[in-house]
Structure formats: C-alpha cells, structure tokens
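To start, the structure itself, in structure tokens.
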C-alpha cells in the first residue's frame, strides 16, 4: 500500500509518459528530446520526476544511450495504453470540433506497399482523416518535408537523424538474384561475403536503395563492385541480371514473383532493410502523426 500511496501522492503527467515512450523508442535521452522538439535537460528531468513517483529507475543510463530497466519494461505497456487513450480522446475531439485535415504522406518507391496499407487502415480505423499519398525519390521528399508540402514520409532508414523525428515501422529481407540464374534456389540463402565476387547492377541513388546497399557492404568490410551502367527501375534490374550484366540486390517485395532469388545472409542471419516514418517534430500535424504511427505499430 505504501508504494501505491507514493504513486498517487505524486503528479504523473502525460508529458512525462511521452518522454518515457520517446526514450524507449530512440534508446537515448538526446535523441528522444530531438524527436519531441524539447531540450534534453527538460526531458531528463521529466523522466527523473516520474521515476521518483514510481519508486525506481525506468532506464539504465550509459554513455551509449538509455535502455529500459526491468521495472521500465514492466510499466511501459501500461504507459503506452494510457497514452493511446489520451491521444484517442484528442483525436475524437479534433474530429468532432473541426474539419479533419488530410495528412500529406510521401513514399519512397522502395518501401513495401504493406506499410501504406497499414497506414490507410490505421487512419480510417482511428478517425484520423484521409491520407494524400505522393510517391517520389528521397531528395524531393526531403525538400517537401522541409518546405512543409508534406507532413510525413515513409522511407528506408537513410535520412538525417538530427533534423527530423523518426520511428521505425517494419523491415523485410533483402534478396539476391544472380546473373544468368536459371534455377530457382529460393530455399537457400547466400552469404553477403560471396556477393563481392560478382558485379551488381544498380539503380541510381534517388530512392535510397543504393545508399542502403553501399552501407551494407561497407559495414561488413566487403568490396562493392558496380556494373558501370545504371538501371531506371527495379524491373530493368531484373531484366539486366537475366542478360548476365550482374547480380541484383532488392527487398524481397520488389522482385517479380517468379524471380529466382535467394535471401542474403550475414553470418547465417537474414539481412534486412528497415522502413521508417520521418516528420518534422514541430509540425502542426505532430499529434495526428503520432496517433497514426501508434495505431500502425
């Protein structure tokens, strides 16, 4: 009873719960503060006040970031439910008292269509209004986000993490199609280290896929050999691979259904490409965006 009395004797605010959620999402007090558009001291102090209220630390602090303690892992689901309820009420009030403004959402061509389907379903189910979609490459999407022509973008994880708020949405395996491959070997993976032996045909870096692929090879210490030409679409990549010009690395969802591909492995584990939501934390649509992402996740 004493612990309960201590909790009820303190004021626990929604803002404190938002700080905890952002820190758990970002793994860092500084990144969480950036994502919410507040100072790090304000966020750290808010979390500390909440920790005093619940009678224990919610995060392990270190030079590399912040991770949930056992107590933090136990109470976080309760905090998320509270936030979901509060944000649901806010969405209902906005819907009842004002015209719901459509969210303008930019999408990179490489992003799995399932992400868009989840967003449309979540917006409809939670009364968040309609989504106006625009597919484009990374640079135009970033410029539209900065210029406030877009409220939110769904892209591979390659944009500047210090300028915008980010939340990871989902990931899917990267697959490889070798040049002149005629036998379907989808049941067998291929280690990343073996891909360095053959050139890769690639698209330009406009959609983010080439950045992801280049970083993948660099981080693993492998040499990326590129075919000197450049394809204009994912279908062209597969056609060129069939002509023997080089292998292809794509998310599984971007290959044709009959393409003979193999999942790419690194030390036996599938290599993934992650997709994220990116938005300006100072956007007037920040609350709606947060409600949408919470519903999607």
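Where a number appears in this text, it was derived from the coordinates with a stated rule and is not lab data. Keep in mind that this is a model prediction, so the values were computed, not measured.
What relative contact order, as a whole-number percentage, does the chain give when Cα pairs under 8 Å and 6 or more residues apart are counted? Could the numbers behind the result be given before it?
On the way: 497 pairs, mean separation 62.8, N = 297.
Over the chain, the number comes to 21 percent.
For the stretch 225-294, calculate the relative contact order in percent as a whole number, restricting contacts to Cα pairs under 8 Å that are 6 or more residues apart.
On the way: 25 pairs, mean separation 12.6, N = 70.
It rounds to 18 percent for the stretch 225-294.
Can you tell me which of 117, 22, 165 moves the most in a GNM of the chain? Springs connect C-alpha atoms under 10 Å apart.
The residue with the greatest mean-square fluctuation here is 117.
Run lengths n ≥ 4 of DSSP H only: what is the helix-derived mean residue ellipticity at 222 nm for the chain, with -39500 (n - 2.57) per run over all residues, to the nearest 500? Mind dumping the intermediate values first?
Working: 11 runs with 129 residues, N = 297.
Helix contribution divided over all residues of the chain: -13500 deg cm²/dmol.
For the stretch 195-218 and the stretch 50-73, what is the centre-to-centre distance using only Cα atoms, to the nearest Å?
Each part's Cα centre sits 39 Å from the other's.
Based on alpha-carbon centroids, what's the gap between the stretch 233-290 and the stretch 131-180 in Å, whole number please?
For the stretch 233-290 versus the stretch 131-180, the Cα centre distance is 11 Å.
Could you grab the relative contact order for the stretch 137-283? Cα pairs under 8 Å, six or more apart, rounded to a whole percent. Show your work: numbers first, answer last.
On the way: 272 pairs, mean separation 65.9, N = 147.
Contact order relative to length: 45 percent.
Test of understanding: in a Gaussian network model of the chain with alpha carbons linked when under 10 Å, which of 220, 35, 178 would top the mean-square fluctuation ranking?
Maximum fluctuation in the GNM of the chain, among the listed residues, is at 220.
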